[in-house]
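Structure, as structure tokens:
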Amino acid sequence: MCIQVNAIISRVIDFCRRVVGGKEEEVTRVIPRDDHSISRKDISDNALKVLYRLNKAGYQAYLVGGGVRDLLLGLQPKDFDIVTNARPDDIKKLFRNCRLVGRRFRLAHILFGRDIIEVATFRGSQTDDPQAARSDEGMLLRDNAYSDSVEEDALRRDFSINALYYNIADYSILDFAGGMKALENRRIDLIGDPATRYREDPVRMLRAVRFATKLGMDIAPATAAPIRELAPLLDDIPAARLFEESLKLFMAGKGLDNFQMLSEYGLLQRLFPSLVPFLDDPRAGRFIELALENTDYRVRNDLKSTPAFLFAALLWPVLDVRAQDILLESGLPTNDAYQIAMNEVLDEQCKRIAIPRRFTTTIREIWTLQTRLDKRAGRRADRLFEHPRFRAAFDFLEMRGEVEGKEIKALAQWWHQYQETDGSGRQQLVSGLFEAKGPKRRKPRKRKPRPRTQGEA
């Protein structure tokens with residue numbers, strides 16, 4: 001028993017040293033109910049049901065992470081995540097509406113209709129796990145140890161503002177890494193040595209940027225310092241995971257802010273390598289800015305938005321220049337040159353961010369229509385208007401018009417008028433194109449010389 005107590009004490013001391021450099025004043029704070037602003041009425045009923053049942057069964061149960069952080073900031077949490085010392089199989093026994101998910105680290109999803117409450121078992125320190133595996137760069141490759149210690153679970157969190165635990169047993173908050181102080185100072189602090197934590201999981205660099213823009217906070221100097229140097233570590237992250245992270249960065253209403261901060265820290269260049277030559281180009285920069293502003297506006301106002309449109313815009317400067325180069329070098333028709341460029345640009349980009357086919361198909365359609373929207377004679381305009389991607393392609397064309405100038409702007413205005421009028425009005429618009437250009441003059445046919453007869457010789 002004495003050995004176990006000493007081991008626990010040793011682990012807690014080690015935790016404190018690793019988190020705050022051994023500063024005695026930074027040990028775990030217990031903040032009683034009267035000293036914080038979280039009320040149970042602000043927590044979802046389903047999350048409370050899960051917390052109470054776990055606690056009644058004799059397990060520790062805490063609301064953790066973004067849910068606690070957002071409530072303390074006066075925001076409405078998107079999710080309520082729970083941690084406990086109960087193992088996944090124990091959780092499943094308690095909840096008939098439970099489904100276990102995940103291979104590397106099993107999670108319990110408690111289903112209440114469409115509402116899902118995620119419950120995780122405390123995670124252990126990777127340094128104590130003989131199964132933990134690391135790459136040569138220090139990235140954790142296999143790390144799935146459970147723990148009975150909430151302190152160890154806190155050590156595994158990335159930022160101090162995410163290591164705040166709301167205890168359903170007495171409604172207190174456990175603060176293991178100075179998270180309350182970080183919230184007060186509006187500061188993003190990594191737990192532990194920043195360089196080591198980034199090497200363990202390079203995606204933490206992207207998360208630091210995302211939380212800073214989402215919450216309107218600053219990245220602490222020590223947390224920011226290694227980012228530019230360690231940015232190349234993102235090259236080792238699976239492209240599928242980077243796609244999921246890119247959605248969080250660019251499809252949550254803070255896309256422009258994230259784009260600018262990612263560029264500042266040298267992270268954008270790892271996500272979109274082909275964009276590097278265009279980052280200082282005013283026209284390309286303005287077009288990308290318009291696309292991000294448009295997406296942010298639509299997300300914030302609950303309007304329909306799709307990653308396909310944004311990716312099409314981000315990569316358009318690359319595509320346009322690539323297609324023009326192919327045209328000059330090969331002499332191929334414009335449409336063929338653009339099709340070849342599309343294949344090259346998307347193949348290269350998908351090596352870094354694995355854009356699913358359902359989106360790359362739409363991206364191709366938006367791009368292809370840019371080369372066809374000026375072909376409006378006869379029934380072509382009607383057929384283009386009926387294309388399922390016409391609206392997205394038109395919005396794209398309007399953005400191009402704001403940047404590329406007179407001809408594209410005039411084309412976008414023509415299509416705007418076309419949509420605003422009826423059948424006869426549309427016919428007049430199409431006829432007007434023909435009249436503006438004037439009738440095509442037929443080239444005179446060259447007559448073949450009449451064969452000479454013998455008498456004419």
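We did not get these values from a lab; they are worked out from the coordinates using the rules stated. Remember, predicted model here, so these are calculated numbers, not experimental data. A quick note on method: Cβ atoms are made from the backbone with ideal geometry, for glycine too, and the neighbour counts reach across all protein chains shown.
The phi torsions of the range 319-332, fed into the Karplus equation with coefficients 6.51, -1.76 and 1.60 and a -60° offset, translate into couplings of 4, 4, 5, 4, 5, 5, 4, 5, 4, 5, 7, 10, x, 5 Hz, rounded to whole numbers, with Gly and Pro shown as x. Applying the Kirkwood pairwise sum to the alpha-carbon positions of the range 270-434 produces a hydrodynamic radius of 16.8 angstrom. Pairs spanning more than 24 Å between alpha-carbon atoms, out of Lys181/Lys214; Lys41/Lys248; Lys254/Lys304; Lys49/Lys93: Lys41/Lys248. Here's how it looks for Tyr146: its modeled amide H is under 5 Å from those of Gly124, which are all 5 or more places away or on a different chain.
Phi-derived couplings, Karplus 6.51 cos²θ - 1.76 cosθ + 1.60 at θ = phi - 60°, listed residue by residue for the range 175-191: 10, 8, 9, x, x, 5, 5, 5, 5, 4, 8, 6, 9, 9, 10, 6, 7 Hz, with x used for Gly and Pro. Eigenvalues of the alpha-carbon gyration tensor of the range 61-111, scaled by 5 and square-rooted, set the equivalent ellipsoid semi-axes at 24, 11, 10 angstrom, largest first. Peptides 237-250, 377-390 ranked from most to least packed by the mean count of surrounding Cβ atoms within 10 Å: 237-250, 377-390.
Across the range 88-95, rounded Karplus estimates of 3J(HN,Hα) from the backbone phi angles (6.51 cos²θ - 1.76 cosθ + 1.60, θ = phi - 60°) give x, 5, 5, 5, 4, 5, 7, 10 Hz, Gly and Pro being marked x. Ordered by the number of other Cβ atoms lying within 10 Å of each residue's own Cβ, fewest first, Leu327, Leu275 fall into the sequence Leu327, Leu275. The range 45-69 and the range 360-380 have Cα centres separated by 53 Å. The peptide list 297-303, 223-229, 254-260, put in order of mean Cβ contacts within 10 Å with the highest first, becomes 254-260, 223-229, 297-303.
Ordered by the number of other Cβ atoms lying within 10 Å of each residue's own Cβ, fewest first, Lys304, Lys409 fall into the sequence Lys304, Lys409.
Using the alpha carbons alone, the radius of gyration of the range 311-359 stands to its Kirkwood radius in an Rg to Rh ratio of 1.01. Overall size of the range 381-425 from C-alpha positions, given as principal axis extents largest first: 30, 22, 13 Å. As a ratio to 2.2 N^0.38 Å, the alpha-carbon radius of gyration computed for the range 212-260 takes the value 1.27.
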